[in-house]
Amino acid sequence: MVPEQIGFPHFVSAAQVTRPIMLRIIQRAQAMRQALQQMNGCTQRWPTHLQDTDGEFPCHLEGRRFLLEQREASTRTFGSFGAAVQNMGGVVFANPLDNSLIKGETLLSHWEMMAGNHPAGVIVRTPEPFEPFRAAWRFESYSGTVPGKQRYGVIVNAGDGTNEHPTQAVLDLFTIYEQLGRIDDFVMLITGDLGWSRTINSLLLLIGNVCERVRIKIAVPVVGGTSYGPPATVLQRLAAAGISYTLIEIPDHATFERVVREPEIDIVYTTRPQEERYKADPTRDPKKMVADIVACTRFTLEMLNQGRVLLFHPLPHTDEVDNGCDRHPQAMYFRQASNGVPVRMALIQLIMLELEFLLAHGLLVPPFDLGWAAL
Ligand code: NCD
């Protein structure tokens with residue numbers, strides 16, 4: 001059976017995920033998790049095939065090597081990608097953080113080198129927005145220069161600066177599905193670091209592509225005349241996807257508490273104010289900006305106790321969520337994080353299967369033309 005197309009074999013944007021792909025990922029992640037429970041931590045017990053409602057699918061990577069290219073801090077994403085690859089019988093190797101980029105090697109030259117190491121896949125987190133797109137293009141053109149050789153390396157975006165974090169969005173929506181029993185008809189309030197959050201960017205792109213009848217409320221801290229709202233591009237994307245949204249100004253914490261208590265809200269999705277990104281703007285004091293956002297939109301245990309909202313967060317959380325919330329049954333963030341392993345297994349399986357399908361049918365001839373290839 002022809003797999004649902006993810007568009008091209010690299011996974012760089014949540015915009016690549018269509019509704020049928022998302023439904024397939026949900027089924028497969030559930031199958032992966034069930035198998036993981038039977039495996040009980042022992043990779044030698046991993047089955048070579050699993051079943052979902054479409055029948056059997058191969059799920060063994062047969063020793064294929066994946067490069068972990070981690071150029072920004074990560075606890076969950078790289079931990080779960082490493083576990084996902086190894087659980088499926090793949091091998092991971094990591095690039096040292098102090099590689100030759102610090103000597104001034106260009107990223108283009110870097111990717112040429114990485115392609116030359118012939119990984120089956122590259123899990124990449126970079127501070128530069130769109131760098132995984134450029135890496136994908138570089139790998140494509142590299143494959144095209146090696147006569148008679150197979151394609152090298154599928155690029156997976158594990159976070160590119162302030163742009164996107166597509167695999168996080170997929171596991172967020174998977175968790176929403178598991179909690180609500182649906183991916184449609186819900187109201188989500190987003191807040192926290194609306195200006196720089198790549199996880200919010202990707203989740204909104206994904207919801208726009210995949211979900212129906214979702215309403216977004218955006219709680220924007222407004223302190224001393226400064227508004228910490230989302231960039232215009234995010235609002236444009238919402239409008240383009242036909243998602244209805246409302247902007248709500250939050251001048252103080254009492255307003256936030258009132259807004260969160262509105263009975264129609266199913267989910268609150270908040271994020272860490274990312275001080276490291278504010279440093280890019282010399283006209284603003286990052287510490288004050290973080291303090292302003294936290295003071296207005298801090299989430300407390302009382303707020304969870306008072307309402308029925310589910311609290312989502314990509315983690316790590318700092319003071320924007322009280323530690324007292326951590327074990328509350330409505331706090332979803334550790335569940336989101338542990339869904340990272342089966343969801344990333346399902347994604348890797350789909351991407352590798354896709355690659356084989358495209359190659360086997362000669363549907364992808366490098367170098368291929370992508371609108372963003374000139375980036
Ligand atoms: C986030 C990230 O790196 O984008 N974390 C994650 O990957 N789950 C959020 C953050 O760093 O604040």
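The values are calculated or read from the model by the stated rules, or taken from the named source; none is laboratory data. Everything numeric in this text was worked out from a predicted model, so none of it was measured. When we count neighbours, we look across all protein chains shown, and the Cβ atoms used for this are built from the backbone with ideal geometry, even at glycine.
Quick one: which residue in ARG335, ARG327 is free of Cβ contacts under 8 Å to residues at least 24 places away in the same chain and either under 19 Å from LEU180 (Cβ atoms) or assigned to a loop (DSSP other than H, G, I, E, B) (or both)? Let's see the steps before the verdict.
Numbers: ARG335 fails: free of Cβ contacts under 8 Å to residues at least 24 places away in the same chain.
Just a single option satisfies the conditions, and that option is ARG327.
Which residues, taken from segment 190-209, are among the hydrophobic types (A, V, I, L, M, F, W, C) and within 15 Å of the chain's Cα centre (by Cα)? It would help to see each step written out before you state the result.
Restricting attention to segment 190-209, the residues satisfying the condition of being among the hydrophobic types (A, V, I, L, M, F, W, C) are 190, 194, 196, 200, 203-207.
Listed by number, the residues that qualify are TRP196, ILE200, LEU203, LEU204, LEU205, LEU206, ILE207.
Only one residue in VAL234, VAL222, VAL268 is farther than 17 Å from THR199 by Cα and in contact (Cβ under 8 Å) with a residue 12 or more places away in the chain. Which one? Break it down into steps so the answer makes sense when it comes.
Details: VAL234 fails: farther than 17 Å from THR199 by Cα; VAL268 fails: farther than 17 Å from THR199 by Cα.
After ruling out the rest, the residue left standing is VAL222.
Name the residue, out of GLN44, GLN34, GLN38, GLN27, that is assigned to a helix (DSSP H, G or I) and in contact with a strand residue (DSSP E or B) (Cβ under 7 Å, 6 or more places away or on another chain). So that I can check it myself, show each step before the final result.
Numbers: GLN44 fails: in contact with a strand residue (DSSP E or B) (Cβ under 7 Å, 6 or more places away or on another chain); GLN34 fails: in contact with a strand residue (DSSP E or B) (Cβ under 7 Å, 6 or more places away or on another chain); GLN38 fails: in contact with a strand residue (DSSP E or B) (Cβ under 7 Å, 6 or more places away or on another chain).
Only one candidate qualifies: GLN27.
Does segment 91-108 contain at least one residue that is farther than 17 Å from ARG344 by Cα, of a type in the set (S, T, N, Q), modelled with pLDDT of 90 or more and surrounded by fewer than 16 Cβ atoms within 10 Å (Cβ to Cβ)?
yes
When segment 163-191 is examined, which residues are found to be in contact (Cβ under 8 Å) with a residue 60 or more places away in the chain, in a loop (DSSP other than H, G, I, E, B) and more than 16 Å from VAL17 (Cα to Cα)? Reasoning before the result, please.
Filtering segment 163-191 for residues in contact (Cβ under 8 Å) with a residue 60 or more places away in the chain gives 164-180, 183, 186-191.
Still in the list and also in a loop (DSSP other than H, G, I, E, B): 165, 183, 186, 191.
Across segment 163-191, the qualifying residues are PHE186, THR191.
Quickly run through segment 170-213 and pick out the residues that are crowded, with 23+ Cβ neighbours inside 10 Å, more than 16 Å from the ligand (Cβ to nearest atom) and within 22 Å of PRO129 (Cα to Cα).
The one that is crowded, with 23+ Cβ neighbours inside 10 Å, more than 16 Å from the ligand (Cβ to nearest atom) and within 22 Å of PRO129 (Cα to Cα): ILE207.
Note down all Cβ pairs under 8 Å where the first residue falls in segment 123-141 and is at pLDDT 90 or above and among the hydroxyl-bearing types (Ser, Thr, Tyr), the second is crowded, with 21+ Cβ neighbours inside 10 Å and part of a helix (DSSP H, G or I), and they're at least six residues apart or on different chains.
Hits for this filter: THR126/PRO132.
Do we find a residue being within 15 Å of the ligand (Cβ to nearest atom) and among the charged types (D, E, K, R) anywhere in segment 320-334?
Yes.
Kindly indicate the residue of segment 61-90 that is assigned to a helix (DSSP H, G or I) and away from the ligand (no atom under 16 Å from the Cβ) and also surrounded by the most Cβ atoms within 10 Å (Cβ to Cβ) among those meeting that condition.
Only one residue fits best here, namely ASN87.
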